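The values are calculated or read from the model by the stated rules, or taken from the named source; none is laboratory data. Note that the structure is a prediction, hence the values are computed from the model and not measured. These accessible areas exclude ligands, DNA and RNA; they are computed on the full protein's heavy atoms, side chains included. Shrake-Rupley method; radii C 1.70, N 1.55, O 1.52, S 1.80 Å.
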Amino acid sequence: MDNREKQRAFRERQRTAGFTSITEWVPNDAVYLFKALAAALRGEKPAPEAERQFEPITDGEHERRMRALAKELGLKFHQQKVTKGHRSLMGRNGTLWVGANTKGFDICLSGQSLIAEMTPFMRKLTGSDATSSKQPNDSAPFWRVQDWNLVRSAAKFYAQTRS
């Protein structure tokens, strides 16, 4: 498989996992508003907010939760300078990335030894294999969850990994 085929397959896996330019680049509240407007323009009744399966959190709330979790577990909080929504916990083996989007939280493992150590736990925690990978070469598997408590459980396990 050449590089273009790999990239095409990667983009298809991302689309299957629910990633689009909308979910990645537009604030969560705006995504719901756009969907409601589109439904109204089609003459459909938009779904009430109470019917949404997952209530997205704001970017500020995501950062607050991540900082609190890092402090509670004695880990280092990291936020990318260019993409502010990319936040992680560091200080142990590898890096545990947690992203918030309109469909839930993405728990992503980075680092080969962390992937080997945490994948069995993540499968047991979520009851499934990884949703997809954040990198074309499958070097950053992630699990999409809708419950913050699962993020906490993953972070607690990460805090106990070898450094």
Original post:
Cross-link partners among lysines for residue 76, C-alpha distance below 24 Å, same-chain residues fewer than 8 apart left out?
Top reply: 84, 134, 156
Subject >> Ranking by accessible area, most exposed first, for 143, 97 with a 1.4 Å probe >> reply: 97, 143
**OP:** Amide H neighbours of residue 132 under 5 Å, at least 5 residues apart or on other chains, H built in the peptide plane: list them.
**Re:** 142
Original post:
When all protein chains stay in place, what accessible area (Å², nearest 10, 1.4 Å probe) is found for residue 128?
Top reply: 60
Original post:
So how exposed is residue 126, as accessible area in Å² (1.4 Å probe, rounded to 10)?
Top reply: 40
**OP:** Work out, step by step, the length gained on full extension between residue 124 and residue 9: first 0.36 nm times the residue separation, then minus their alpha carbon distance; give nm to one decimal.
**Re:** 38.7 nm
Original post:
Taking a probe of 1.4 angstrom, what is the accessible area of residue 77 in Å², to the nearest 10?
Top reply: 40
Original post:
If you rank 78, 62 by how much accessible surface each has, with a 1.4 Å probe, what is the order from largest down?
Top reply: 78, 62
